[in-house]
Structures are given as structure tokens and as C-alpha cells.
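Visitor: Input: one structure, supplied below.
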Amino acid sequence: MTHFKINYKSFFLISLLFLFGCSDNKIETDKTLNKTDKQYIQSLKLLDTDEKIIRFYSEYKNKVAGNFFTDKRLAKYWIDERDRSKDKLDFAYYNDIKSIDTVYNADFTYCPYMLVTKNNGSKFKVCVDGSRKEIKDFFEDALNKWTQNKNAH
């Protein structure tokens, strides 16, 4: 008879990763994202009033997590509802981006993502999930927008 000892802390963490990993949320556009969500993103200083969101994806709730690109930048945010000191906001204007690497097959706890490397060497991930075609379209549209705008300023 084999005895199996459960490490509850590890079980809990793994469960959370599955729960908060890729969700059934859909990719949205400036037209489908509601006004309240856009105003919220503006309040986070990740969106100017004249800026248009091209694609947006949230791994959870829009008030907590967002990954998007606009006509000016790539950005992501994670708001910790219990401890605001753990909030994570990242963005880069297109001309501040050195490279963008796409990862379609992330390990089992992550959605596909773009690894954005800024000219200063800092990095952040912009995650997206959906069908293979939706992910490919998100990545290609973001890469095309970056290519078109990286030398604009």
C-alpha cells in the first residue's frame, strides 16, 4: 500500500494557477470594450483619451487584468484586489520597443504571449487566449502596428 502525502500549500497554488490561467474571455476591440472599461484603463494611465484600443484581452476580470495594444503602445496590467502595492502596470510606446517575441506554446500555466523588450532592456508579457487564428491575428496585428509606428517619433 502506497501512502500519499498531500502538500496542501502546493495543491492550493497549482489549483490557483489552473483557475487563473487562460480563461474563456474573448478578445475585444475598441468597439466592443465598454466605456467604463476604457475609462478605467485611462485612470491607470495606460490609455490617453485620443488613443484607440485595437485588441484587448483579460485573463480574468477587466478590472483586474488587461493585455492590449493601441495605435500608440502595447500594455498590460494586473491589479491586486487585496494589496494594491502588488499591482503591476507595464507599457511601452512603439518607438520604445526593441523587440517583440511571440510564444504560442507557453507552459500549462500560461496563455500564449508576446514578450516585449524595451530599448532599456526591461521586459513584460502581453498575454492572449482564444482560437489559434484569434491568437495569430492578435500577434500579427500588434507586430504590424509596431512595425508601422516604431520610428514615428
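Visitor: If I take every Cα pair under 8 Å that is 6 or more residues apart in segment 24-149, average their sequence separation and divide by the length, what percent do I get for the relative contact order?
Guide: 20
Visitor: List, in the order given, every pair from Lys26/Lys125; Lys72/Lys133; Lys45/Lys133; Lys45/Lys118; Lys31/Lys118 whose Cα-Cα distance in the structure shown is over 27 Å.
Guide: Violating the 27 Å Cα-Cα cut-off are Lys45/Lys133; Lys31/Lys118.
Visitor: Quick check: residue separation of Asp141 and Asn95 times 0.36 nm, minus the Cα distance between them. What number comes out in nm?
Guide: The Asp141-Asn95 span can extend by a further 14.9 nm.
Computed from the coordinates by the stated procedures, all read-outs in this text should not be read as laboratory data. Since this is a predicted model, take the numbers as computed values, not measurements.
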